[in-house]
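Here, each number is a calculation from the coordinates, and none is a lab measurement. Note that the structure is predicted; figures quoted are calculated from it, not measured. We place every Cβ from the backbone using ideal geometry, glycine too, and count neighbours over all the protein chains shown.
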Amino acid sequence: MKIGLQSPVTGRNDREAARNRAAFRRRGLFVFNLIGSPGTGKTSLLEAMAGEFGDAMAVIEGDVQTRRDADRIEGKGCRAVQIETHGACHLDASMVGRAAEGLFALGGEWKVLAVENVGNLICPSSYDLGENVKIGMLSLAEGDDKVLKYPSIFSRIGMLVTSKIDLLPHMDFDIDRAESECRSLNPGVSCFRVSARTGEGIPGLCSHILSEREKALRV
Amino acid sequence: MHELSLAEEMLVMISDVIGSGRRLERVNLVIGPLSGVSADSLRFCFTELAAMRGLGSPDLVVEEPPASLRCRSCGLSYEVHEFVEGCPACGSMERDILSGMECMLESIEVDDGGRPAERSGS
């Protein structure tokens with residue numbers, strides 16, 4: 001006997017993500033899901049953003065092991081909670097929901113919640129966490145041809161951040177190429193070029209996030 | 001290797017529908033080229049898990065349709081499995097993606113031992 005289902009395989013995760021989204025919205029939080037390869041500079045970017053946002057930002061850190069990244073963020077004055085996935089290659093909505101409850105129990109008023117995903121350009125693309133936007137990250141220490149090699153993630157992001165631009169004199173990375181290939185998958189993507197080391201581009205990125213928050217809260 | 005997590009999800013969904021005592025014969029899945037899911041990895045994980053859960057050795061049949069795109073320069077609708085080529089008419093890489101991100105459990109086929117059709121769960 002054939003039984004029709006027509007259900008997304010991630011249906012249960014999608015329902016958890018919807019619950020997270022409603023809880024974030026109730027708190028006036030704008031949430032971004034930061035996705036990039038290991039070593040692309042995700043935690044360094046969040047440290048630099050902590051300098052702009054101060055205690056208006058909280059962070060959920062996802063790593064396979066250790067709470068090193070949460071400690072780094074807390075060292076910059078932002079509240080951070082760590083998810084250790086113990087081998088899993090991505091965060092899912094229920095992990096983020098539990099971490100967010102832990103964060104909210106600590107008390108605090110935030111405008112922005114950053115979720116740093118596990119360093120990976122494939123697996124996180126399948127999981128909605130309840131975020132407002134996925135931010136994809138590339139660095140000049142990687143190749144400028146990565147976008148079309150990993151189309152599942154770069155077709156889903158709302159913002160592309162190219163980091164480590166202080167290395168530009170030493171690298172052959174063609175930022176225009178990476179950005180135009182990302183637009184070929186995703187015409188609406190907003191592109192940013194930053195250096196967490198020098199701070200270049202960080203204020204513009206943060207003010208864009210705040211303006212996106214204003215838009216999201218008006219809807 | 002998130003395919004193991006996805007295989008787990010599929011088995012939860014299927015068990016909710018068929019309950020216990022029915023042999024799962026075939027699972028029909030649609031995977032788009034932008035889903036980020038490997039059909040081979042998913043088939044391996046799903047088959048192993050199904051056997052471990054006492055669901056026998058069902059066939060996982062995967063349909064992999066191309067993504068549908070529309071060229072933003074000339075308006076042509078076209079289909080691709082890979083994204084490095086531009087529009088076949090004008091070569092433009094400017095395009096809107098209309099489909100291709102799906103990973104859908106379409107249907108399952110069970111040996112119900114001649115029992116009347118019955119669907120539990122949602």
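Computed over chain A, the per-residue total of -39500 (n - 2.57) for DSSP H runs of n ≥ 4 gives a 222 nm mean residue ellipticity of -12000 deg cm²/dmol, rounded to 500. Annotation for B:Arg53 and B:Asp112: the two label points, set 7 Å from Cα along the Cα-Cβ direction, are 2.0 nm apart.
Subtracting the Cα-Cα distance of A:Ser180 and A:His86 from 0.36 nm times their residue separation leaves 30.2 nm of extension gain. This ranking places B:Tyr78, A:Tyr150 by how few other beta-carbon atoms lie within 10 Å of each, fewest first, which gives B:Tyr78, A:Tyr150. Here the protein assembly as shown is treated as an ellipsoid with the same Cα gyration tensor; its semi-axes, largest first and in whole Å, are 37, 26, 17. Mean separation of Cα pairs under 8 Å and 6 or more residues apart, divided by the residue count, gives chain A a relative contact order of 25 percent. Could you tell me how many degrees, from 0 to 90 and to the nearest 10, lie between the Cα long axis of helix B:39-52 and the main elongation axis, the longest principal axis, of the Cα atoms of chain B? Compared with the principal axis, the helix lies near 10 degrees. Of A:Lys111/A:Lys134; A:Lys76/A:Lys134; A:Lys149/A:Lys215; A:Lys42/A:Lys111, which pairs sit farther than 28 Å apart, going by alpha carbon to alpha carbon? Result: A:Lys149/A:Lys215 exceed 28 Å.
One Cα centroid belongs to region B:3-75, the other to region A:136-214; the line between them spans 33 Å. Note on A:Ala56/A:Arg15: beta-carbon distance plugged into 1/(1 + (r/R0)^6) with R0 of 35 Å gives a FRET efficiency of 0.75.
Label point 7 Å out from A:Leu210 along Cα-to-Cβ: which residues of region A:44-63 have amide N under 11 Å? Label zone hits: A:52-54, A:56. Taking 0.36 nm per residue of separation and subtracting the current Cα-Cα distance, fully stretching the chain between A:Arg25 and A:Leu106 would add 27.3 nm. For a modelled paramagnetic label at B:Glu94, 7 Å from Cα along Cα-to-Cβ, no residue of region A:136-160 is in reach, as no backbone nitrogen comes under 13 Å.
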